[in-house]
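The values are calculated or read from the model by the stated rules, or taken from the named source; none is laboratory data. Keep in mind it's a predicted model, so treat the numbers as computed, not measured. FYI the Cβ positions are ideal-geometry reconstructions off the backbone, even for glycines, and counts take in every protein chain you see.
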Amino acid sequence: MPVNFENNQIVSPGELLAEGDYLSGEGSFKEGNKVYSSILGLAVLKGKVVSVIPLQGPYYPKVGDIVIGKVLNSSPAGMRIDINSLYSAAIFPSTANETGRRGREKFIQFDVGENIIAKIISFDRTHDPILTVDEEGLGKLVGGRIIKIHPTRVPRVIGKKGSMIKLLKEELTDRIKIGQNGLIWFSTSNDVIEDILVAVLRKIEREAHTSGLTDRVKETIKKLKEEKLNVIRGKNT
Amino acid sequence: MLFEEKIPEKLIGSDGLRLDGRKLDELRPIKFEVGVLSQADGSAYVEHGKNKIIAAVYGPRELHPKHLALQDRALLRCLYRMATFSVSERKSPAPSRREAELSMIITQALQPAIFLEYYPRTSIDVYIEIIEADGGTRCASINAASLALADAGIPLRDLVAACAVGKADGQIILDLNDLEDKYGEADMPMAMLYRRGDVTLLQMDGQFTIEEFNKALELGKTGISKIYQLQRDALRNKYLSIRDEVADESEVKVEITKEVEENE
Amino acid sequence: MSEVYKIVSEIERNQIIAKIAKGKRLDGRSLDEYRPIKIETGIVSKADGSAKVELGDTKVIVGVKVELGAPFPDTPDEGVITLGAELLPMAFPTFEPGPPNFDAIELARVVDRGIRHSDIIDRKQLCIIPGKKVWILFVDIYVLDSDGNLFDASSMAALAALKNLRLPDVKVTGEDVELIKDSMKPIPLKGKLAAVTIAKVGDYLIVDPDSSEERIMDGRITVAFNEEGKICAIQKGGESSFRYQEIQKAIILANKSSEKIFSELSKVM
């Protein structure tokens with residue numbers, strides 16, 4: 001049997017997606033030789049793998065992910081970080097840097113309430129995620145603004161081969177950092193650009209399950225700039 | 001209750017119809033709406049006949065106090081509550097034994113559907129509030145809670161759909177309303193993971209012969225199949241409406257999935 | 001769980017304050033701008049009166065149930081109005097199941113004071129046999145979705161639900177009270193009531209705070225007005241103090257916003 005859906009079709013939990021020689025990927029599961037959706041999302045076939053791209057749901061930590069967090073408590077023994085996930089994360093002196101090269105004396109303690117951008121270096125079912133900030137571009141975030149979107153929709157803010165984020169950087173601000181956990185930090189040169197960026201991020205979030213998004217976002221930025229800034233047409237296109 | 005309710009002499013008329021005009025195997029009008037609350041991770045509103053119910057889901061989230069945490073799976077906790085004004089006689093705001101029992105059986109009705117093992121050491125909290133009750137609140141609550149779980153993005157083996165069957169004036173009837181529940185001869189709420197054919201809730205009070213029970217079980221399954229389909233439509237509609245809206249805005253066709261895959 | 005919400009990030013706090021200093025708020029409102037209000041009445045047929053209010057994303061339902069009962073000994077010729085409030089755990093991540101906590105009790109009491117002292121309801125009208133039989137009104141507030149400013153939303157919902165309340169005529173014979181069927185009538189209300197909450201953020205005052213603003217605010221003050229513009233109740237809350245001049249400013253600001261609430265209430269009253 002061919003698959004039971006068209007690519008990008010919206011499916012819900014328990015829906016039969018495919019039968020026969022298929023594998024189940026993210027958002028789907030197999031019973032016998034049948035693949036079913038486990039979540040509400042967009043069904044996709046890639047090779048023999050049937051998956052469902054989620055539209056809503058928690059951020060599930062993954063080693064290697066860059067996340068934006070908030071310091072919940074801090075002591076010389078370590079820090080607890082809220083990463084907008086079902087598990088909170090930790091930074092220990094021994095793991096503050098990935099290799100442990102610099103050791104304990106280099107451990108920088110952040111204050112409670114400070115925001116950081118960090119990388120997940122370890123996580124499994126039995127242990128909470130552990131973070132490091134010892135890499136280029138990681139560490140404390142200062143100033144700017146943070147907004148939260150559905151973590152499942154972060155891939156659309158990045159876009160195909162980074163096309164969306166490239167667009168946002170070129171048109172609005174290059175000071176933007178995206179956490180895979182749904183938190184986006186940015187700083188803009190003025191309030192009008194800030195308003196446009198927020199409106200655009202909300203649009204991407206809301207329309208994450210639609211096609212042609214990058215082009216529509218491009219149009220929206222152009223329109224908003226003309227409205228708000230009186231920018232001459234074609235300046236950045 | 002200011003005025004005593006009149007006890008109906010018959011629940012099924014000579015025309016074979018029930019007091020609210022329904023056929024024996026007919027469901028009440030049902031309306032599902034998904035994503036109705038701003039703070040909850042998932043939510044749903046259900047109108048089932050005159051029942052008005054809201055269900056909300058928080059989680060999976062860190063569980064406090066920690067000693068309740070399960071090392072191999074998430075802890076599911078459902079809380080069923082009725083507003084004081086949801087029933088004829090004002091309900092005391094204090095939790096009742098009935099609410100405690102229903103909270104437990106609703107938890108048990110939903111639990112088999114959820115991949116709890118994906119999220120060890122966390123909790124999934126389901127809060128159900130009955131705004132107005134008109135018979136069959138536990139089933140309508142399960143229908144709402146199941147939608148709220150799906151809306152929260154929690155992985156499920158299947159949607160859980162529920163409906164009551166019963167007996168009135170000697171006839172097997174589907175989806176009892178308040179009067180049929182009170183004055184009928186039997187009431188049997190049931191819930192299923194319909195696709196799998198798993199029954200996750202079954203209660204009964206009243207009297208059935210074994211033949212009647214079998215007939216009721218079959219009728220209940222038919223009702224559940226219809227509700228199950230309505231649930232799917234409600235979930236899809238939440239996102240389809242936005243898609244339709246932007247389809248008007250732009251004709252450009254780009255593969256969403258490629259974008260998502262390539263930056264993973 | 002709760003520490004995640006209690007600890008406000010510096011950037012989050014600063015972004016709200018920086019905007020406010022420029023006369024704007026994160027959701028685009030100006031400092032004295034109220035969110036959209038939507039009021040529906042008669043939404044629960046089993047209640048004797050009911051209303052739902054949406055204030056931005058905040059959603060509150062109020063239902064009224066009536067009973068015949070004995071008056072309080074010190075007010076033998078007055079009916080009784082009992083106000084309760086529940087902050088449902090579905091409404092906000094940190095709201096927990098259980099008996100009403102301090103926040104819920106404060107909410108019920110502030111709404112109660114506004115209604116009581118605005119003289120909207122003449123409790124004597126709710127008396128049937130002095131000292132023996134009066135109407136007892138149970139007004140129950142349920143917060144379903146909490147995006148800030150529960151005081152104002154709940155006051156509006158309580159008032160709209162009371163306006164929606166229907167009571168039957170009664171026939172009194174000696175000490176017997178007979179309720180007459182099909183004679184349900186609204187109770188006369190004298191005017192309206194508007195509770196307006198002002199939050200203090202640093203040196204600024206803002207109207208109708210949402211939940212993100214409530215997390216960073218230094219204090220709040222709720223002022224209830226009747227339609228003549230008289231102040232009927234005040235509640236200052238929060239951990240820090242208001243300066244003398246700020247109080248005066250807050251009253252003027254609240255009074256201005258009360259007009260919007262009155263006009264929304266007029267649509268259903």
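Here are the numbers:
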quantity: Residue A:201 being outside the structural domain of residue A:81 (by TED's automatic domain parsing), more than 29 Å from residue B:122 (Cβ to Cβ) and of a type in the set (A, V, I, L, M, F, W, C); calculated: no
quantity: Only one of A:24, A:28, A:38 that is touching a Gly at 6+ places or on another chain (Cβ under 8 Å), surrounded by 14 or more Cβ atoms within 10 Å (Cβ to Cβ), free of Cβ contacts under 8 Å to residues at least 60 places away in the same chain and more than 13 Å from residue B:236 (Cβ to Cβ); calculated: A:38
quantity: Options B:83, B:94, B:109, B:113: the member that is facing chain C (nearest Cβ under 10 Å) and surrounded by 24 or more Cβ atoms within 10 Å (Cβ to Cβ); calculated: B:83
quantity: Qualifying residue in region B:69-77 (condition: surrounded by 14 or more Cβ atoms within 10 Å (Cβ to Cβ) and under 25 Å from residue C:143 (Cα atoms)); calculated: yes
quantity: Positions within region A:24-47 being outside any strand (DSSP E or B), out of contact with any Asp or Glu (no Cβ under 8 Å at 6 or more places or on another chain) and not small (Gly, Ala, Ser), in sequence order; calculated: A:26, A:39
quantity: Considering residues of region A:48-88 that are assigned to a loop (DSSP other than H, G, I, E, B) and of a type in the set (A, V, I, L, M, F, W, C) only, the residue farthest from the other protein chains (Cβ to nearest Cβ); calculated: A:77
quantity: Selection status of residue C:196, in contact with a helix residue (DSSP H, G or I) (Cβ under 9 Å, 6 or more places away or on another chain), part of a strand (DSSP E or B) and not basic (Lys, Arg); calculated: yes
quantity: Within region C:8-23, considering residues that are surrounded by fewer than 18 Cβ atoms within 10 Å (Cβ to Cβ) and among the aliphatic types (A, V, I, L, M), the one nearest to residue A:111 (Cα to Cα); calculated: C:8
quantity: Pairs where the first residue, in region B:198-212, is without any contact (Cβ under 8 Å) to a residue 12 or more places away in the chain and the second is not aromatic (Phe, Trp, Tyr), C-beta under 6 Å, 6+ apart; calculated: B:199/B:192
quantity: Of residues in region C:139-192 being within 12 Å of chain B (Cβ to nearest Cβ), polar (S, T, N, Q) and more than 28 Å from residue C:98 (Cβ to Cβ), the one farthest from the chain's Cα centre (by Cα); calculated: C:183
quantity: Failed item, numbered, when residue A:44 is tested on (1) in contact with a Gly (Cβ under 7 Å, 6 or more places away or on another chain); (2) without any contact (Cβ under 8 Å) to a residue 60 or more places away in the chain; (3) at the interface with another protein chain (Cβ under 10 Å from one of its Cβ atoms); (4) closer than 29 Å to residue B:35 by Cα; calculated: (1)
quantity: Filtered residue count, region C:199-227, keeping only those that are under 17 Å from residue C:118 (Cβ atoms) and assigned to a loop (DSSP other than H, G, I, E, B); calculated: 1
quantity: Candidate set from region C:24-41 (those that are within 14 Å of chain B (Cβ to nearest Cβ) and crowded, with 17+ Cβ neighbours inside 10 Å); member that is nearest to residue C:153 (Cα to Cα); calculated: C:35
